[in-house]
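I have placed the structure first, in the form of structure tokens, so that the comments after it can refer back to it.
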């Protein structure tokens, strides 16, 4: 896989401060060549909710379940981010008149690139007929804004092959009465957070001509067993990234077990499934998919917005993950982290400090 860019969606758990964590992780892996773009802090139409439609209000972002630390938890990876080596890159003011800011920054060469800028630069750098694969594990704000910003989006989709994997949506609730995960809106029983937090973005993406594979909530819940993943990362010859991942997952598991405010954090294990579906060995995973015709409910009703429902008109089919071998998922994930040839270039901030203090050759 040739990873080209990471776009941070500011309408979910992440915000501008999360950029520094991404930069540090990339520096740890020796991948400062990967560009990082910052998306909007509001969902589609939410920044102007007073003049916009009823769908698109900051009341949706209030549904994000924060622990006692609020956004500091995600900004600091639950206190572990400062164990990462410090990247020479970091977040800076993103002022750009071209993208709606009141003025340009005095040092444009240091300005944090925006998601749309990174996307347009990426599209220019690839040849016609190339394939772009996108994995989303948050609200679909960035992807929707890309589609809305491109006046010739349909022609771009035709020239460049797109493949989109969406981690989100809850579609099996009518059959088994399994509830969604919008826990801070009790009246909304069957939506999934990534769809709920920016329903207009989800609607835009679902109604596009993109080739979409959906990894729904019921599939994600099959890999919520954090202790099993942690156990597989307890090998003797640990890589730096395996050690860090184990510490982070252990922290999440302890918080989930001991504090009611963190009862939601096991859902982050679903992101592991997204990565494995995208980059793992599908034969080992034994994944199965079904084509389903779906749409997103977006009528301004807090109790229903974000529901993924069946489209009786069958306008568009989605490839939906139905089954997979969850043990193989854990194995693929842990084996990837334990692989020495992919190990981190610099393991931690402690190692970085030792290098700083050692005499240069």
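How far apart, in nm, are two points set 7 Å out from the Cα along the Cα-to-Cβ line at residue 261 and at residue 315?
Label-label distance for residue 261 and residue 315, simple model: 4.2 nm.
Please give the contour-minus-distance gain from residue 76 to residue 149: 0.36 nm per residue of separation, less the Cα-Cα distance, rounded to one decimal in nm.
23.1 nm
Just rank 313, 319, 62, fewest to most, by other beta-carbon atoms within 10 angstrom.
Least to most surrounded, the residues fall as 313, 62, 319.
Count the DSSP beta bridges whose two residues both fall in the chain, then state the antiparallel fraction as a percent rounded to the nearest 5.
Just about 35 percent of them are antiparallel.
Given a 10 angstrom Cα cut-off, can you work out which residue in 227, 65, 88 is the most mobile in a GNM of the chain?
88
Using a 10 Å cut-off around each Cβ, can you sort 195, 29 from fewest to most neighbouring Cβ atoms?
29, 195
Order of 338, 273, 321 from fewest to most other C-beta atoms within 10 Å?
Going from sparsest to densest Cβ surroundings: 338, 321, 273.
Mind sorting out which of [x] 36, 28, 17; [y] 31, 23, 20; [z] 31, 26, 21 is the real semi-axes √(5λ) of the Cα gyration tensor in Å computed from the coordinates?
Checking each listed value against the structure points to [z].
Most mobile of 129, 90, 12 per a Gaussian network model of the chain (Cα springs, under 10 Å)?
129
Could you check the spin-label model distance between residue 127 and residue 291? Points 7 Å from the Cα along Cα→Cβ, value in nm.
Once both label points are built, they end up 3.1 nm from each other.
Bear in mind that the values in this text are calculations on the coordinates, not laboratory data. For clarity, every value in this text was computed on a predicted model and none was experimentally measured. Every residue, glycine as well, gets a Cβ built from its backbone with ideal geometry; the counts of neighbours run over all protein chains shown.
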